[in-house]
1. Run B:L54 past the list (1) out of contact with any Asp or Glu (no Cβ under 8 Å at 6 or more places or on another chain); (2) surrounded by fewer than 18 Cβ atoms within 10 Å (Cβ to Cβ); (3) among the aliphatic types (A, V, I, L, M); (4) within 18 Å of A:T116 (Cα to Cα) and report the number of the one that doesn't hold.
2. Between B:R190, B:R227, which is modelled with pLDDT of 85 or more, more than 20 Å from the chain's Cα centre (by Cα), more than 25 Å from B:Q141 (Cα to Cα) and surrounded by fewer than 17 Cβ atoms within 10 Å (Cβ to Cβ)?
3. Quickly run through the range A:122-139 and pick out the residues that are assigned to a strand (DSSP E or B) and at the interface with another protein chain (Cβ under 8 Å from one of its Cβ atoms).
4. Yes or no: B:N127 surrounded by fewer than 17 Cβ atoms within 10 Å (Cβ to Cβ) and either in the same structural domain as B:A215 (by TED's automatic domain parsing) or within 24 Å of A:I121 (Cα to Cα) (or both)?
5. Collect the residues in the range B:62-94 that are surrounded by 18 or more Cβ atoms within 10 Å (Cβ to Cβ), polar (S, T, N, Q), away from chain A (no Cβ under 14 Å) and part of a helix (DSSP H, G or I), keeping them in residue-number order.
6. Please verify whether the range B:131-139 includes one or more residues that are closer than 19 Å to B:N3 by Cα, facing another protein chain (nearest Cβ under 10 Å), assigned to a helix (DSSP H, G or I) and aliphatic (A, V, I, L, M).
7. So the check is Cβ under 6 Å with 6+ separation or different chains; which pairs have a first residue in the range B:132-150 that's of a type in the set (D, E, K, R) and a second one that's assigned to a helix (DSSP H, G or I)?
8. Of all residues being within 27 Å of B:G125 (Cβ to Cβ) and part of a loop (DSSP other than H, G, I, E, B) in the range B:27-48, which is farthest from the other protein chains (Cβ to nearest Cβ)? Just the residue, please.
Amino acid sequence: MAKQKQLQVSAIENGTVIDHIPAASLFDVITILGLDKIPNQTTFGANLDSQKFGKKAIIKVADKFFERDEINKISLVAPHAKLNIIKDYEVIEKRDVTIPDEIIGIARCFNPKCITNSEAIVTRFKVEDKVELALKCHYCEKITSRDELQML
Amino acid sequence: MKNKSLISISDYSKDDILRILELAAGFEANPNQPLMRDKVVASLFFEPSTRTRLSFETAMNRLGARVIGFSDASSSSTTKGESLKDTIKMVSNYADLIVMRHPLEGSARYASEQSRVPVINAGDGANQHPTQTLLDLYSIQKTQGTLENLSIVMVGDLKYGRTVHSLLMALSHFNPTFFFVAPKEMSMPREYKRFLQEKGIPFYEQFEMGNIDKADILYMTRVQKERFSDPIEYERVKNTYVLKNAMLNNTKENLRVLHPLPRVNEINYDVDANPKAYYFQQAENGVYTRMGIIAAIMGLK
């Protein structure tokens, strides 16, 4: 009984495991991928021990395979995330996330005087620096940096 | 340029800029050309700006256009809670061109995406004011005979001043040398210095006015008290960035002093009578430049 319970949490038959999420970014990742709105069986672990981050989070989604564009959206909050694609309990592919050239609709412009913070507008940023993370707002042209980054 | 909005100075290439200046010169030679007789222009000023609005409306009137609009948001439906999107959707059904001033940054780009007709940005918060930049360029070209290879001294608030940033970007097409004179708190932001470095454009930074004897253009801006976190620091530096007539004694004959106006105390009144003072003519040039911009966007020239 106990064994079966653990099996349900730790392994999925088909689907995607997202590993190496910084513990603090777990709920951002869930929101960005819309995992709070899908019918799939989803499990997540928070504040797990990690050699890389100290504390990490992990998400397992059954029967869900992400498009590259879709998964790259989480690169802003989880740049080192690793994806394991599972078929029949086996990892058939491992994938990294990469920061896209343009970020649409998931981040907030840090400039309080930006029009996107006062009207219902889909935000748009050009990624000017992928290492330091510099997002240039398509509208107000101000740069939002990693420290100022907030997800919508 | 035809049917294309003008939101940011970077929307225009070097050729586009030169074309506008050529048109402006034509309108200066012959200011009353009713090319827009059958056109309606909307002048939407969501925040008051008397100088810019009068300049634009003079340009529209000299072109023979009919002007609709409002001069501050309290007389628009914004007070009833209407979104910018809805205002623009509506007005772009009425007018052939929209000129818009708005306190929020990015509002002009957004308006251009919602509008069926071209939008000219007449200032969106601290972001962009491209027609100011074009009239600055027109003034420089007119007084120097060229835009190429000039020494430009920029003085004052170089950190927050959008006019100096846009002018710097636009002049980068013309092989300039820049001298930045500003207090430390208001020095030219790193991103603009990096931009100049990438383009191989020389620039020098100094904290005091001196060394203007090589300048072709002295571009003055206002040092605003509210930008300082320490009021004592403001008192200490405020007089360092004031231009007095005597300071122009050993400058080049072709030097001209520009200022986007309004000035407060950064240019002494004794400079006004000096033939090198050019800020009032600069404002006049705004009308011809805006006529050129409107005519180019409407495809009338």
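The values are calculated or read from the model by the stated rules, or taken from the named source; none is laboratory data. Just so we're clear, the structure is a prediction, and the values are computed from it rather than from any experiment. Cβ atoms come from the backbone with ideal geometry, glycine included; neighbour counts cover every protein chain shown.
1. Exception for B:L54: condition (4).
2. Sole residue among the options that is modelled with pLDDT of 85 or more, more than 20 Å from the chain's Cα centre (by Cα), more than 25 Å from B:Q141 (Cα to Cα) and surrounded by fewer than 17 Cβ atoms within 10 Å (Cβ to Cβ): B:R190.
3. If the condition is that a residue be assigned to a strand (DSSP E or B) and at the interface with another protein chain (Cβ under 8 Å from one of its Cβ atoms), then A:C137 is the only one that fits.
4. So B:N127 fails the test.
5. Scanning the range B:62-94 gives a single hit, B:S92.
6. Taking every residue of the range B:131-139 in turn, none turns out to be closer than 19 Å to B:N3 by Cα, facing another protein chain (nearest Cβ under 10 Å), assigned to a helix (DSSP H, G or I) and aliphatic (A, V, I, L, M).
7. Listed by first residue and then by second, the contacts come to B:D136/B:L167; B:E148/B:F174.
8. B:P48
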